[in-house]
Amino acid sequence: MNSSLQLGKIMGIPVQLHWSFLLVILYIAWAFASFSQQVLGRSYGFGEIEPAGLRWAYSLIFSLVLFTCVALHELGHSYIALKNGIAIRSITLYFFGGVSAMEEIPRNPRLELQMAFAGPAVSGILGLMGILLATLLDEGSPLGIMLWMLGLLNIILMLFNLLPAFPMDGGRLLRAWFATQMPYIKATQRAASIGKLFAIIMFVLGLFSFNFILLFVAFFVYVGASEEEKATQISVSLEGTRVMDIMSDDVHTVDPDMTLQDLKEHMFEEKHRGYPVMSGDEVIGVVTLSDLQRVPEVDHADTRVAEVMTRKLYVIGPSEEASAAMMMMNKMNIRRLPVMADGRLVGIVSREDLVRAIELCSGQDWKR
C-alpha cells in the first residue's frame, strides 16, 4: 500500500504527502492555538486571539503555510539539481520535514555545495521576509503574529539544517568541503562519522529531556548517515562496471504453460529463484519463488506459470552502469533484471551478481 498521496507536480517533480503529515498539521494547529507568549518583543502563538473560531482558523492556516515553506526548502535543492541535469524522482513531505529523492548525488564538490546550500538559503529568505512583513503590521494582529512565527521558524529551520550532521544539508556541505581535499568515499565516511556523533548527542539530550521529537531526529540522522555512507561506497565500487561485465548470459527461461509443480522441481534442480518467461522469442513476464509461494501447494499441479507471473517488466541494457541496475532493483524492490539488447534477451543480472561485484571491487564482505 502506498503511504503517500500525490498532490501534483511542481517543475515536473511529483510532490507527495505522507500520511504522517496530516497528523502533524493538526498537532501544530492545536499547539499554536493553545498558547501565547512574547518572543523578541512580539506575540508568538494565537492563544489570545478572539473569538476562538478565528484563533483556530489562523492556527490551521499557519500549519499549512509552514509546511509549504518546507516544500519550498526542498524545491530549492531540486531547482539547482534540475538546472544541472540531475533528475528528481519526487519530493515527499513527512511530519519531520521534506525529502527530495534524487536520481544521483553529484560527485562535483562545488555542485553539491550549491545544492546543499540552496534549501537553507530559501528558508533564510522566507524567514527574513516573514519577519520584515510582520514588523509592518500591528504587533497583536493575527496576520502579524502568523508572519512573525513563520519568519522565526524558517530562520530556525535554516540554522537546524546547517548543523554539520550528515545527511542533513550542513552535513552535505561538510562532505563537499572534505571532498575538495580527499577521495569522495573518505569524505563521505568522515562526514557520516560526524553526523553519527551529532545523532548520539541529540539522542542523549532527547533521552534526558524526554523530548521524543529529538529522539526521532537523532534516529533519522544516524540511520541516514549510515545508509548514505553505504550507498556511496556501493556506487563508487561499481563505477566503471557495466551490466554486461557481471550479468549471466546463459539465461534459463521457462514456458508460460509450465505448471507450478514443474516450476518448483525446476527451481530445486537448478537452484534458481526466478526465471524470465518466454513465448517464442518474446519475454512476456518474470516468475519468482515469491509468485510460486503465493499459491497453495494443493493447486500447484493445476496452475500455470502464466497465471502467477509478473507481467510488468523492468529491463536494463547491457551497456548501462551496474550501479543503475542496483538503483532500479532498490527502487522497484526486485531481485533480478532481464538484460535486453535490440528487443532480444541477452542475459540476466541479479542482486547476487551485484553483491559479488561490490565485494570484488571494494574488498569488503557485504551482507545480503
- Message: Compute, for the chain, the length of the dipole vector about the Cα centre, with Cβ point charges of +1 (Lys, Arg) and -1 (Asp, Glu) only. Units Debye, rounded to 20.
- Response: 1280
- Task: Could you tell me how many degrees, from 0 to 90 and to the nearest 10, lie between the Cα long axis of helix 169-179 and the main elongation axis, the longest principal axis, of the Cα atoms of the chain?
- Result: 60
- dims of the range 253-368, Cα set, principal axes, largest to smallest, nearest Å -> 46, 34, 25
- Message: So if I place +1 on the C-beta of Lys and Arg and -1 on the C-beta of Asp and Glu, and nothing else carries charge, what would the dipole magnitude of the range 266-356 be about its Cα centre? I want it in debye, nearest 20.
- Response: 340
- Task: For an R0 of 41 angstrom, estimate the FRET efficiency from the Cβ-Cβ distance between H300 and R356 and round to the nearest 0.05.
- Result: 0.80
- Task: From the C-alpha gyration tensor of the chain, pull out the three semi-axes of the equivalent ellipsoid (sqrt of 5λ each), sorted largest to smallest, in whole Å.
- Result: 48, 25, 18
- Query: Which value, in Å², gives the accessible area per residue of the chain when a 1.4 Å probe is used on the protein heavy atoms?
  - Reply: 53
- Top positive-direction residue, dipole computed over the chain with Cβ charges, set W56, L128, F160: L128
- With all distinct Cα pairs included, what does the Kirkwood hydrodynamic radius of the range 1-78 come out to in Å, to one decimal, could you say? 14.2
- Note on the structure: Connecting every pair of Cα atoms under 10 Å apart in the chain and solving the GNM, the largest mean-square fluctuation among T188, T135, T92 falls on T135
- Gained length - L137 relative to W177, 0.36 nm times residue gap less alpha-carbon distance: 10.2 nm
- Task: With everything on Cα atoms, drop me the angle between helix 109-135 and the longest principal axis of the chain, reported from 0 to 90° to the nearest 10.
- Result: 30
- Message: Once you keep just the Cα pairs under 8 angstrom separated by 6 or more residues, what percentage relative contact order results for the chain?
- Response: 10
- If the limit is 26 Å between Cα atoms, which of K264/K331; K9/K186; K83/K331; K83/K186; K9/K230; K230/K312 go over it? K264/K331; K9/K186; K83/K186; K9/K230; K230/K312
- Message: How large is the translational diffusion coefficient of the range 174-333 in µm² per second when you combine the Kirkwood radius over alpha carbon pairs with Stokes-Einstein at 10 °C and 1.306 mPa s?
- Response: 81
- Query: For the range 133-246, taking Cα atoms only, what is the radius of gyration to one decimal and the Dmax to the nearest whole Å?
  - Reply: 19.6, 69
- Message: Give me, ordered by chain and number, the residues 5 or more places off L7 or on other chains with an amide H under 5 Å from its own placed amide H.
- Response: V15, Q16, L17
- Query: Per the 1.4 Å probe, what fraction of the accessible area of the chain, in percent, lies on carbon and sulfur atoms?
  - Reply: 61
- Message: As I understand it, the value is the acute angle between the Cα axis of helix 322-332 and the longest principal axis of the Cα atoms of the chain; what does it come to in degrees, rounded to 10?
- Response: 70
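The values are calculated or read from the model by the stated rules, or taken from the named source; none is laboratory data. Just so you know, these numbers come straight off a predicted model, no measurement behind them. Please note: Cβ atoms are built from the backbone with ideal geometry, for glycine as well, and neighbour counts cover all protein chains shown. The accessibility values were calculated without ligands, DNA or RNA, using every heavy atom of the protein model including side chains. Shrake-Rupley method; radii C 1.70, N 1.55, O 1.52, S 1.80 Å.
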